[in-house]
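Structure, as structure tokens:
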Amino acid sequence: MATRAIPKVEVLVTSPAKVLYRGTAQSVVFPGEQGTFEVLPLHRPLVSRLISGALTIDGRELAIRRGIVRVADDVVTAVVELP
């Protein structure tokens, strides 16, 4: 039996100074202005401002001060400021 690939999203997280994460993930959780939200494969397009909190990529946390995220076509791009 053939093994099916687990769907993932392409993720790019940068700060003004450097790339913090570039790769794929099954799940990305963001601290949004309206509350925490999770991005999974096939997520609807969105743009959101981020607040201070933990950005979590497949269970690995990164503390951020604020930022912005764009999601479209299984590509997640976030520009964040670190604490």
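Assorted remarks:
- Derived scalar couplings between HN and Hα for region 19-31 equal 7, 9, 7, 9, x, 10, 7, 7, 8, 10, 10, 10, x Hz in order, rounded to whole Hz, by the Karplus curve 6.51 cos²θ - 1.76 cosθ + 1.60 (θ = phi - 60°), x for Gly and Pro.
- Estimated dipole of the chain in Debye, rounded to 20 [Cβ of Lys and Arg +1, of Asp and Glu -1, Cα centre]: 120
- Label-to-label distance, nm, for residues given as Glu33 and Leu62 (7 Å Cα→Cβ offset): 2.2
- Computed label-point distance, nm, for sites Val79 and Thr14 using a 7 Å Cα→Cβ extension: 0.8
- Over all other residues within a Cβ to Cβ distance under 14 Å of Val76, the charged ones net out to -1, with Lys and Arg as +1 and Asp and Glu as -1.
- The chain: relative contact order in percent, alpha carbon pairs under 8 Å with at least 6 residues between: 29
- Charge tally in the Cβ shell below 10 Å around Val9, where Lys, Arg are +1 and Asp, Glu are -1, Val9 excluded: -2
- Cα extents for the chain along the principal axes, largest to smallest and rounded to whole angstrom: 48, 25, 20.
Read the figures in this text as sums done on the coordinates, not as results from a lab. A quick note: this is a predicted structure, and the numbers were derived from the prediction, not measured. No Cβ is skipped: glycine too gets one built from the backbone with ideal geometry, and neighbour counts run over all protein chains shown.
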